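Enquirer: This structure is in structure tokens; I'll ask about it shortly.
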Amino acid sequence: MQALKDRESSIDSALQQAAKAREEIEALKGQIHNEKQEAERERAQIIKEANIIRDEIIAKARKEAEIAAARETEKAKAQIHSEKMAAIIEIKNQTGALAVQIAEKILRGQMQDKAAQEAFANTLVKELAQN
């Protein structure tokens, strides 16, 4: 009979331990579920922050590229203007040189004889005296 009581006590103890183990397992399941949800929230927050940082980096790079492009455009415009002005000055210089050459040829043609030279010199003296 004692053996039966011992056996019954042993079975009760085992059942109590099993019930306790079951409760612990359920508590662990709940804890795992909560930790999993927390990990998901942290993951979502990390992804959100990473997306914000990515967007900021892209926006900054885009703005820097726009600034650099505007700077290069202004440099190109300034260089074009400078080259245009240099070309205009060169054309004016060439035009002036051609005008002098043409005037020189005209004067040489008109002043081939001594009488024409004297008449032209007298005309210039009279014009200068009037001014």
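Enquirer: Under a 10 Å cutoff between Cα atoms, tell me which one of GLU23, GLU49, GLU35 has the largest fluctuation in the Gaussian network model of the chain.
Expert: Most flexible of the set in this elastic network: GLU23.
Enquirer: For the stretch 51-63, in order, what is each residue's ³J(HN,Hα) by Karplus, 6.51 cos²θ - 1.76 cosθ + 1.60 with θ = phi - 60°, in whole Hz (x at glycine and Pro)?
Expert: Couplings: 5, 5, 4, 4, 5, 5, 5, 5, 5, 5, 5, 5, 5 Hz.
Enquirer: Next question. Roughly what angle does helix 114-130 make with the longest principal axis of the chain, taking Cα atoms, 0 to 90 degrees, to the nearest 10?
Expert: So the helix axis and the longest Cα principal axis differ by about 70 degrees.
Enquirer: Taking 1 over the mean of 1/r across every pair of different Cα atoms in the stretch 2-104, what Kirkwood radius in Å do you get?
Expert: 22.9 Å
Enquirer: Taking the alpha-carbon centroid of each part, what is the distance from the stretch 78-131 to the stretch 43-66 in angstrom?
Expert: 68 Å
Enquirer: Could you check the spin-label model distance between SER13 and ILE32? Points 7 Å from the Cα along Cα→Cβ, value in nm.
Expert: With each label point 7 Å from Cα toward Cβ, the separation is 2.9 nm.
Enquirer: Treating the beta-carbon of each Lys and Arg as +1 and of each Asp and Glu as -1, no other charges, what is the dipole magnitude of the chain about its Cα centre, to the nearest 20 debye?
Expert: 640 debye
Enquirer: ALA116 versus GLN130, label points 7 Å from Cα toward the beta carbon: distance in nm?
Expert: 2.3 nm
Enquirer: When the Karplus curve 6.51 cos²θ - 1.76 cosθ + 1.60 is applied with θ = phi - 60°, which whole-Hz ³J(HN,Hα) does each residue of the stretch 72-79 get, with x for Gly and Pro?
Expert: Here the 3J(HN,Hα) series is 5, 5, 5, 4, 5, 4, 5, 5 Hz.
Enquirer: What FRET efficiency, computed as 1/(1 + (r/R0)^6) with R0 = 41 Å and r the Cβ-Cβ distance, is obtained for ASN93 and ALA69, rounded to the nearest 0.05?
Expert: Efficiency, from the Cβ-Cβ distance: 0.70.
No value in this document is a laboratory result; all are computed from the given coordinates. Just so it is clear, the model here is predicted, and its values are computed rather than measured. Cβ sites come from the backbone with ideal geometry, for glycine too, and all protein chains shown count toward neighbours.
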